[in-house]
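Engineer: Submitted below is the structure of interest, expressed as structure tokens.
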Amino acid sequence: MRIIFHIDANSAYLSWTAADMLEKGYPIDIREIPSVISGNPLKRHGIILAKSISVKKYGISTGQSLFEAKQKCPDMAVYPPNYDLYMRCSDKMYSILLEYSPLVERYSIDECFLDYTASQGRFGDPVKTAYKIKERIKNELGFTVNIGVSCNKILAKMAGELKKPDMVHTLWPEEMEKKIWPLPVGELFMCGRVTSQKLQKININTIGDLARSDKNHMKALLKSQGILVWRLANGIDDSEVTLKSEIIQKGIGNSTTISYDVTKREEALKILLSLTERVAMRLRRLGYMTSLVSVSIKTDGFIRYSHQLKISYCINTTTEIYEYVCLLFEQSWKGEPIRLLGVHVSDFQSDDSRQISLFDKKDVEKLQALDSAVDKIRAKYGTKSIIRGSFANGNINEVQSGINDSDFIMMGGCR
């Protein structure tokens, strides 16, 4: 029998922020007070991204506007997201898991599957090992995880969701009737609001009701989705744990909603430069080059549009990317007051396979060397340690963190 672990960081963004703050000497663990991770409401993008346990009693949920949440809990603390920190925490968790099995699948930035089948002979009882992993992550990295243990991926994932935080749960096939069949059908993985409403209309109210239903009836009602949720309710899953050493990205982006309407071309271009700085840094850190650049604009009338350009060769320097960003902006902007700006790159290839092109800059090697040096300084001393002269004495953040518009394959799973 296979043995699969599902490891899920509890309230990942908040936990990772809290661990980082404590490591830097902050006197309060923000997980123990009413707190949330959210965009800045003054910049008009205040959405709850993560929350502490203590704000749940106020009816606050992720995806809710910060304005609405503040009305429910006026005294809660608000902290900004730090996506680069989150990737580092994800990488560290992944490194620990690799010590227990060579087969670790990064399902999203905050969760992994681990195939423990062949590791049992070396590390022993799977549940005891799951507790060891949980404690190691807590003690060495400063945040908690839930670990689900079962014979396949879907049951392991559902096990980890049973009770949080900082728990280990098993969900073997013989435990399903007791542990998950009494739960509302809407709590089944992959059973969304629309699907659960259709099921409830035919008196299928619990996961057990769905598991005991006729498979062909489910197919007639919901087509392929009906077969899928019926299989999940019965714990049927043959998918393998596939080795994935990184969160595969198909796009990297950065956007910011501005606290005032930008009307001057020079100011818009400077904001785009600060967004490009972050995008290009992420691109190089992941070892990618891009051949597709796009710019998005939202006007004061909430009209959003974007333009993109396919390049015949691949680039990864800030200067090269920014030149195309400027070109796209000039082609698309009609002079309207701007509320939001964004930069996005995609169509990646490895940065060790750059092909020489007639369109390459003569000084591309110098640009790459410069970016490499700047990246190393910022990684060690912070993004503000070295900035472009055009941002000196200005009010624009020289490396905009903005909103991470990156596209991840399987990012966050299908919650």
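Engineer: With respect to ASP20, determine if the residue is surrounded by fewer than 19 Cβ atoms within 10 Å (Cβ to Cβ) and in a helix (DSSP H, G or I). Outline the logic, then answer.
Structural biologist: Details: surrounded by fewer than 19 Cβ atoms within 10 Å (Cβ to Cβ): yes; in a helix (DSSP H, G or I): yes.
In short, yes.
Engineer: So SER196 clears everything in (1) outside the structural domain of ALA9 (by TED's automatic domain parsing); (2) among the hydroxyl-bearing types (Ser, Thr, Tyr); (3) over 30 Å from GLN225 (Cβ atoms) except one condition, right? Which one?
Structural biologist: (3)
Engineer: Show the residue pairs that are 6+ apart or on different chains and have beta-carbon atoms under 6 Å apart, the first residue being within the stretch 295-312 and on the phi < 0 side of the Ramachandran plot, the second being among the aromatic types (Phe, Trp, Tyr) and not in a strand (DSSP E or B).
Structural biologist: VAL295/PHE329; LEU309/TYR324
Engineer: Mind checking which residues of the stretch 247-278 are touching a strand residue (DSSP E or B) at 6+ places or on another chain (Cβ under 7 Å) and among the charged types (D, E, K, R)?
Structural biologist: Once the filter is applied, which keeps residues that are touching a strand residue (DSSP E or B) at 6+ places or on another chain (Cβ under 7 Å) and among the charged types (D, E, K, R), the stretch 247-278 yields LYS250, ASP261, ARG278.
Residue-wise test of (1) closer than 23 Å to CYS89 by Cβ; (2) of a type in the set (Val, Ile, Thr).
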residue: GLU105; (1), (2): yes, no
residue: ALA130; (1), (2): yes, no
residue: PHE143; (1), (2): yes, no
residue: SER150; (1), (2): no, no
residue: ILE154; (1), (2): no, yes
residue: VAL168; (1), (2): yes, yes
residue: PRO173; (1), (2): no, no
residue: LYS178; (1), (2): no, no
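Engineer: Which one of these is touching a helix residue (DSSP H, G or I) at 6+ places or on another chain (Cβ under 7 Å) and crowded, with 19+ Cβ neighbours inside 10 Å: ASN152, ASN146?
Structural biologist: Working: ASN152 fails: touching a helix residue (DSSP H, G or I) at 6+ places or on another chain (Cβ under 7 Å).
Only one candidate qualifies: ASN146.
Engineer: Only one of LYS138, LYS178 is of a type in the set (D, E, K, R), out of contact with any helix residue (DSSP H, G or I) (no Cβ under 8 Å at 6 or more places or on another chain) and closer than 27 Å to TYR13 by Cα; which?
Structural biologist: So the residue among LYS138, LYS178 that is of a type in the set (D, E, K, R), out of contact with any helix residue (DSSP H, G or I) (no Cβ under 8 Å at 6 or more places or on another chain) and closer than 27 Å to TYR13 by Cα is LYS138.
Engineer: Would you point out which residue out of LEU210, LEU188 is touching a residue at least 40 places away in the same chain (Cβ under 8 Å), outside the structural domain of LYS138 (by TED's automatic domain parsing), within 20 Å of ASP237 (Cβ to Cβ) and touching a helix residue (DSSP H, G or I) at 6+ places or on another chain (Cβ under 6 Å)?
Structural biologist: Working: LEU210 fails: touching a residue at least 40 places away in the same chain (Cβ under 8 Å).
Of the residues listed, the single one that is touching a residue at least 40 places away in the same chain (Cβ under 8 Å), outside the structural domain of LYS138 (by TED's automatic domain parsing), within 20 Å of ASP237 (Cβ to Cβ) and touching a helix residue (DSSP H, G or I) at 6+ places or on another chain (Cβ under 6 Å) is LEU188.
Engineer: A follow-up question, please. Going through the stretch 73-97 one residue at a time, which ones are free of Cβ contacts under 8 Å to residues at least 60 places away in the same chain, among the charged types (D, E, K, R) and more than 13 Å from VAL36 (Cα to Cα)?
Structural biologist: Listed by number, the residues that qualify are ARG88, ASP91, LYS92.
Engineer: Okay, next question. Can you tell which of ALA118, ALA159 is among the small types (Gly, Ala, Ser) and buried (at least 23 other Cβ atoms within 10 Å of the Cβ)?
Structural biologist: Working: ALA118 fails: buried (at least 23 other Cβ atoms within 10 Å of the Cβ).
Just a single option satisfies the conditions, and that option is ALA159.
Engineer: For the stretch 121-140, which positions are farther than 23 Å from ASP238 by Cα and either crowded, with 20+ Cβ neighbours inside 10 Å or not assigned by TED's automatic domain parsing to the domain that holds ALA156 (or both)?
Structural biologist: THR129, ILE133, ILE137
The values are calculated or read from the model by the stated rules, or taken from the named source; none is laboratory data. Quick caveat: nothing in here was measured; it's all calculated off a predicted structure. So basically every Cβ, Gly included, is an ideal-geometry build from the backbone, and we count neighbours across all protein chains shown.
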